[in-house]
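The values are calculated or read from the model by the stated rules, or taken from the named source; none is laboratory data. If you're wondering where the values come from, they're calculated on a predicted model, not measured in any experiment. Cβ sites come from the backbone with ideal geometry, for glycine too, and all protein chains shown count toward neighbours. Protein only, heavy atoms only, side chains kept; ligands, DNA and RNA dropped before computing areas. Shrake-Rupley method; radii C 1.70, N 1.55, O 1.52, S 1.80 Å.
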Amino acid sequence: MCSTVETSKTHRAFIALGSNVGDRVEMIEKACLEMDRANIKVKRTSSLFETTPMYVLDQATFINGVCEVETSLSPMELLDALQSIEIALGRKKLIDKGPRSIDLDILLYDQEIFSHERLNIPHSLMLERDFVLRPLSQLIPHHRPPQSGKKIHTYIEHMKTLSPEPTPFSTTPISPGFPSLHATDPTRKTHIMAILNLTPDSFSDGGTHSPSDFTKLSETVRTFIAQGATIIDIGGESTRPGSIPVGPEEEIARVVPAVKHIRTSIPEAANIAISIDTYRASVAEAACAAGADIINDISAGLLDPDMLPTAARIGKSIILMHMRGTPQTMTTLTKYPNGVITDVAAELCERIVAAEEAGIRRWRIILDPGLGFAKNQEEDLEILRNLSQLRARESLEYFPWLMGPSRKRFIGHITGVKTPRERVWGTGATVSASVAGGADIVRVHDVHEMWQVAKVSDAIYRV
């Protein structure tokens, strides 16, 4: 008679993440990787939040978040595993609720109520902590704590009854030398992303820059930086409507030497972020290995199934842009039955879920509504008018947003200016509208002019 082996039951738990010593984001990301290795599979993460200390006030600010995990470990086994990870990552507990390099607390475990001298589930202090409830309510906003016999709010309702001072800011890391994006800070400054196309056929500046002319490249990058750019977006393939794709080898040959040159030969660019504008995973990985910090994917992972797993593996921040179809077909896919804000929000949510399933942390995601991509003039203007509504949609809160209106076709239609290079004034209006709507980054060709527009727009709207 054959014996059967009992399969361990899988449990769903939520773990609070915190750090206020050293490179706080790096420590949290290391902890997530160690959990994956310890039979504690990280399924989803919240945003990260910069929070003031609670209880022991005389210490540095924290980075806090929450992750949803899947595990076969029992509550006590899970506690032991998490504490082992804390110790391995160098946590030394000198003061209760004091400074710590990493803090991993079990908040919830299935719907169980569990009590032990070392562990209480639900976490006994979680309902008084905004820094716990805010990220938890991103993951399970409409759930209620597993407590019987009580009328209690959902997590998101209860979070709103707390009054943190000041309100925690979401934080999106880019690179060690580049400041994190704080998408919920009302006083944040808009970043200028300068477009550097190394293509012969881009709609506006094709042929302007050669990937082999490092002297011209250096002059251009130095000029961008002097004019106010904080991010350089490098592209090796045109994605204008109807463009013809090039192969990944050609794209890599165009962009990788440029990224390496900027990183190794232009000292002024030491603290400038480099973004790689590609929808191909192999190009993104090669460019990031050469020194790029951000992946800017117009398809949000739809055009290359390897993109999202690759971004997760290399740990870079990624811009997920809304698009339908391909650059060759997108102009035929412009119907939005529920309105462009509702449909773009729903489709971006689908891409966020796909990114999370691939292992990308939520705090590594930047969103882009995709002006001009599978949208006509009416939809582009609707997004510019109502960007703040799009940003506030459930499941889209706390993300930073990029807007790319520069020299777009709809500006030419409105103004009658046919030549893209002459659409500077119209672009200025769209950049101002983007800042007013809450954009964190504007992607532009005319850096000097749009830096001025953004600077004044920040002074008007970011107060």
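A few comments on the model shown:
- Answer residue from the range 160-181, given it is surrounded by 18 or more Cβ atoms within 10 Å (Cβ to Cβ) and under 12 Å from residue 49 (Cβ atoms) and is nearest to the chain's Cα centre (by Cα) among those: 172
- Qualifying positions in the range 14-62 - among the β-branched types (Val, Ile, Thr) and part of a helix (DSSP H, G or I): 25, 28
- Candidates 282, 275 - the one that is under 23 Å from the mean Cα position of the chain (by Cα) and closer than 21 Å to residue 363 by Cα: 275
- Restricting the range 438-457 to residues that are open to solvent by less than 10 Å² (accessible area, probe 1.4 Å) and part of a helix (DSSP H, G or I), the residue that is nearest to residue 220 (Cα to Cα): 447
- When the range 259-278 is filtered for residues that are open to solvent by less than 30 Å² (accessible area, probe 1.4 Å) and in contact with a strand residue (DSSP E or B) (Cβ under 8 Å, 6 or more places away or on another chain), the ones remaining, listed by number, are 259, 262, 269, 272, 273, 274, 275, 276, 277, 278.
- Restricting the range 313-372 to residues that are open to solvent by 30 Å² or more (accessible area, probe 1.4 Å) and of a type in the set (A, V, I, L, M), the residue that is farthest from residue 46 (Cα to Cα): 333
- Flag if residue 381 is at pLDDT 95 or above, in a loop (DSSP other than H, G, I, E, B) and closer than 19 Å to residue 432 by Cβ: no
- Looking at 292, 300, just one residue is touching a Lys or Arg at 6+ places or on another chain (Cβ under 7 Å), part of a loop (DSSP other than H, G, I, E, B), within 20 Å of residue 181 (Cβ to Cβ) and in contact (Cβ under 8 Å) with a residue 24 or more places away in the chain, and that residue is 300.
- Cβ-Cβ distances below 6 Å connect the following pairs, each with a first residue in the range 85-106 that is assigned to a loop (DSSP other than H, G, I, E, B), a second residue that is acidic (Asp, Glu) and at pLDDT 90 or above, and a separation of six or more residues or different chains: 102/86.
- Taken over the range 239-271, the criterion of being touching a Ser or Thr at 6+ places or on another chain (Cβ under 6 Å) and touching a residue at least 60 places away in the same chain (Cβ under 8 Å) is satisfied by 241 alone.
- Which listed residue is at pLDDT 90 or above, part of a strand (DSSP E or B) and not small (Gly, Ala, Ser), from 195, 225: 195
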